[in-house]
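Data first, discussion second: the structure below is written as structure tokens.
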Amino acid sequence: MEQQTFFEQEGSAPLAARLRPRTLEEFVGQEHLIGEGKVLRRLIESDRISSMIFWGPPGVGKTTLARVIANRTQAAFIDFSAVTSGIKEIREVMQQADQNRRFGEKTIVFVDEIHRFNKAQQDAFLPFVEKGSIILIGATTENPSFEVNGALLSRCKVFVLQSLGAPDLVKLLQRALTDPRGFGRLKVEIQPEMLEAIANFANGDARSALSTLEMVVLNGDTSGDAVTVTRETLEQCTSKKSLLYDKKGEEHYNLISALHKSMRNSDPDAAVYWLARMLEAGEDPLYVARRVVRFASEDVGLADPRALELAVAAYQACHFLGMPECNVHLTQAVVYLSLAPKSNAMETAYLSAREDALKQLAEPVPLIIRNAPTRLMKELDYGKGYQYAHDYEDKLTAMQCLPDSLAGREYYRPTEEGLEGRFKTRLQQIKEWKRRHTP
């Protein structure tokens, strides 16, 4: 009789499925929700949950939390898939839940990907949630404010699950190597930095991290019950030649600096290259997008006001799509910002104002521009003499808005670059008007 290998004995269940946490103690991440003393943990441990929505990116534990609840609750637990369930199936289950309620039994209905249900399907749950026949737990990767009916959403508590950090994923990977449900019966040799690289590559997704680990172990060099994972194996399984990129180390900051300075120097080719270096190494696209948003105001500003709009749109696209689809959106933003006229007037204005603000934190707001919602404030001359600009022909007044000690101080100094030249002209006109109309 031919002897089975370890992998054949384990069957076809993926590593992520075999290692799905069964208890809160096994659950990794989301400490803000299920850490000791946190509200969701208390609700689960006391079996007093109410209808709720788990909102977060893929692979952060939404379905797993529902399974943990299923293991602990005394209620009947029904699992729904928004992909395969229609209104007929929903109503059948709801009627059974209604009957269970009459006998004093609770029913928890878990709906994965609830955002895929249309309005009619979601409406089928509503009356049963309202009268307490079911406790609804929905999981979604999309903003529930837009994807879940308002009436249903108002009856659910929304818990936001966050992407897992690299340390959480490394902890999960280490467990997979020692847990009998994972590779605990093998002697897997893999360097710690490779586990960190897999965690970085997974970009907060536990399922992705475990799938990558499974791939590299299955393709490792075997000798009896020992498996050795080499860097070459890791690179082949991920197609990432620069995978061992440390998101917290010097290279991380070197690369983002290279991207920023290439855009500042109006070099789109270099900017796109450094962008690709980061994304293909597993950098979080939202991190890159945040730096691009910052650049839009720090280095372009009013020289091209649309730069900020496009940068924010790129960030939103990264949030909606993730990698690899969002690479083109970041490329569009990076090229646009590289070619845009440059002005650092926004940053210099703030830094100059910040210096004065820190030196004179106690400067009182001029009485003339204070709000006066009460009689006492009016008696103290709050708002006395305030000039409402819209009441004047030129929509301007000579009213002083800075404290007396800073009167006449200039922080914003516009450049002539791009559209900022128009703002400079406008500012000069305003200042000349105020000079002529100041007593």
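The values are calculated or read from the model by the stated rules, or taken from the named source; none is laboratory data. This one's a predicted model, so the numbers in the text were calculated from it and none came from an experiment. All Cβ positions, even for glycine, are placed from backbone atoms using ideal geometry, and neighbour counts span all protein chains on display. With ligands, DNA and RNA removed, areas are computed over all heavy atoms of the protein, side chains included. Shrake-Rupley method; radii C 1.70, N 1.55, O 1.52, S 1.80 Å.
The charge dipole of the stretch 85-212, taken about its Cα centre with unit charges on the Cβ of Lys, Arg, Asp and Glu (plus for the first two, minus for the last two), comes to roughly 460 debye. Springs join every pair of Cα atoms under 10 Å in this Gaussian network model of the chain, and among Arg375, Arg41, Arg91 the largest mean-square fluctuation is at Arg375.
Per residue, the solvent-accessible area of the stretch 365-428 (1.4 Å probe, heavy atoms of protein chains only, all protein chains present) comes to 76 Å².
Any cysteines in the chain with zero other Cys Cβ atoms under 4.7 Å from their Cβ? List them, or say none. Unpaired cysteines in the chain: Cys156, Cys237, Cys401. Using a Gaussian network model of the chain in which every pair of alpha carbons under 10 angstrom is joined by a spring, one finds that among Leu153, Leu275, Leu213 the greatest mean-square fluctuation is at Leu153. Taking the centroid of alpha carbons for each part, the stretch 92-139 and the stretch 17-79 are 18 Å apart.
On the stretch 100-227, 47 percent of the accessible area sits on carbon and sulfur atoms, based on a 1.4 Å probe. Using the Karplus relation 6.51 cos²θ - 1.76 cosθ + 1.60 with θ = phi - 60°, the per-residue 3J(HN,Hα) values for the stretch 349-364 come to 4, 5, 4, 5, 5, 4, 4, 5, 4, 6, 7, 10, 5, 9, 4, x Hz, with x marking Gly and Pro. In plain terms, the chain from Glu92 to Glu347 could stretch by 85.7 nm, reckoned as 0.36 nm per residue minus the Cα-Cα distance. The simple Förster model, with R0 at 60 Å and r as the Cβ-Cβ distance, assigns Lys171 and Met377 a FRET efficiency of 0.60. Ordering Leu177, Asn203, Val160 by the projection of their Cα atoms onto the charge dipole of the stretch 158-233, which places +1 on the Cβ of Lys and Arg and -1 on the Cβ of Asp and Glu, puts Val160 at the extreme positive end.
Would you give the gap between the C-alpha center of the stretch 385-432 and the C-alpha center of the stretch 341-361, rounded to a whole Å? Their Cα centres are 16 Å away from one another. About its Cα centre, the stretch 117-181 has a charge dipole of approximately 200 debye under the convention of +1 per Lys or Arg Cβ and -1 per Asp or Glu Cβ, with nothing else charged. What's the FRET efficiency of Glu26 with Arg102 using the Cβ-Cβ distance as r and R₀ = 41 Å, to the nearest 0.05? Efficiency for this residue pair is about 0.70. Under 18 Å of direct C-alpha separation, and excluding same-chain neighbours fewer than eight residues apart, Lys157 reaches these aspartates and glutamates: Glu31, Glu45, Asp47, Asp112, Glu113, Asp123, Glu130, Glu142, Glu147. Each Lys and Arg adds +1 at its Cβ and each Asp and Glu adds -1 at its Cβ; summed about the Cα centre, the chain shows a dipole of about 1560 debye. Along the axis of the charge dipole computed for the stretch 290-439 (Cβ charges of +1 for Lys and Arg, -1 for Asp and Glu, origin at the Cα centre), the listed residues Val300, Gly418, Val365 are led at the positive end by Val365.
Positive-end ranking of Ser133, Ala271, Gly385 along the dipole of the chain, with charges on Cβ about the Cα centre, is headed by Gly385. Cβ-Cβ distance of Ala276 and Asp179, R₀ of 51 Å, FRET efficiency by 1/(1 + (r/R0)^6): the value works out to about 0.90.
Maximal additional length on extending the Lys38-Leu339 stretch stands at 103.5 nm, based on 0.36 nm per residue less the C-alpha distance.
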